[in-house]
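What follows is one structure encoded as structure tokens, with my remarks underneath.
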Amino acid sequence: MDELRFRTANAPGVRVAIGEPAPGIAGFRSSYVEAVEAQRVARLADRPAGSVTRYDNVVLRAIATANLDQARQFVRRELGPLGAADETTRRLAATVRAYLDENCSRGRTAKRLHVHDNTVAYRIRQAEELLG
């Protein structure tokens, strides 16, 4: 999500959601619908007051969470035991996410997580074993 923020001294609790600009009445309507979706995603992500959420930065999340029950079921099915809430499994899942974000680079993942390369390799192996 965007890291844009604004001061909330004069408007405490305010968050901004922005749709993509488009010409004419149809464009205004489209931008409004996108802004509403951006707002919904920002609420789901529990974005702090003063945050700015642009639709183009959350469009995949908006689509993926259009039906929350289906999204949750999909995540449970795909993650299986890697979706458990215990601390060890959360750490494994966070490592896998960072590893994928870093294009499967153990070195960049280790640097990002402030751990040794071997720790990343170990956690990835644990996650693979957990998922079968």
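The values are calculated or read from the model by the stated rules, or taken from the named source; none is laboratory data. The shown structure was predicted, so the numbers you read here are calculated from the model rather than taken from an experiment. Note: ideal-geometry Cβ built from the backbone for every residue, glycine included; neighbour counts use all protein chains shown. With ligands, DNA and RNA removed, areas are computed over all heavy atoms of the protein, side chains included. Shrake-Rupley method; radii C 1.70, N 1.55, O 1.52, S 1.80 Å.
Would you please put 81-91, 57-67 in order of how densely packed they are, using the mean number of other Cβ atoms within 10 angstrom per residue and starting with the highest?
Numbers: 81-91: 12.3, 57-67: 15.2.
For the peptides 81-91, 57-67, the packing ranking is 57-67, 81-91.
To the nearest 10 degrees, how steeply does helix 24-44 sit against the main Cα axis of the chain, on a 0 to 90 scale?
The angle comes out near 40 degrees.
Please quote Rg/Rh for the chain to two decimal places, taking the Kirkwood radius as Rh and restricting both calculations to Cα atoms. Could the numbers behind the result be given before it?
On the way: Rg = 18.7 Å, Rh = 17.3 Å.
Taking Rh as the inverse mean 1/r over Cα pairs, Rg/Rh reads 1.08.
Determine the principal axes of the Cα atoms in region 36-80, then give the extent along each, sorted from largest to smallest and rounded to whole angstroms.
Largest first, region 36-80 extends 35, 18, 14 Å along its Cα principal axes.
Per the 1.4 Å probe, what fraction of the accessible area of the chain, in percent, lies on carbon and sulfur atoms? Working shown, then result.
On the way: 4970 of 9350 Å².
In the chain, the share of accessible area belonging to carbon and sulfur is 53 percent.
For region 86-132 and region 43-67, what is the centre-to-centre distance using only Cα atoms, to the nearest Å?
25 Å
So who's got an amide H within less than 5 Å of the one on ALA17, skipping anything under 5 residues away but keeping other chains? H placed 1.01 Å off N, in plane.
Placed amide hydrogens put THR53 under 5 Å from ALA17.
Tell me, what is the per residue accessible area of region 21-67 in Å², probe radius 1.4 Å? Intermediate values should be presented prior to the final figure.
Working: 2950 Å² over 47 residues.
For region 21-67, the per-residue accessible area is 63 Å².
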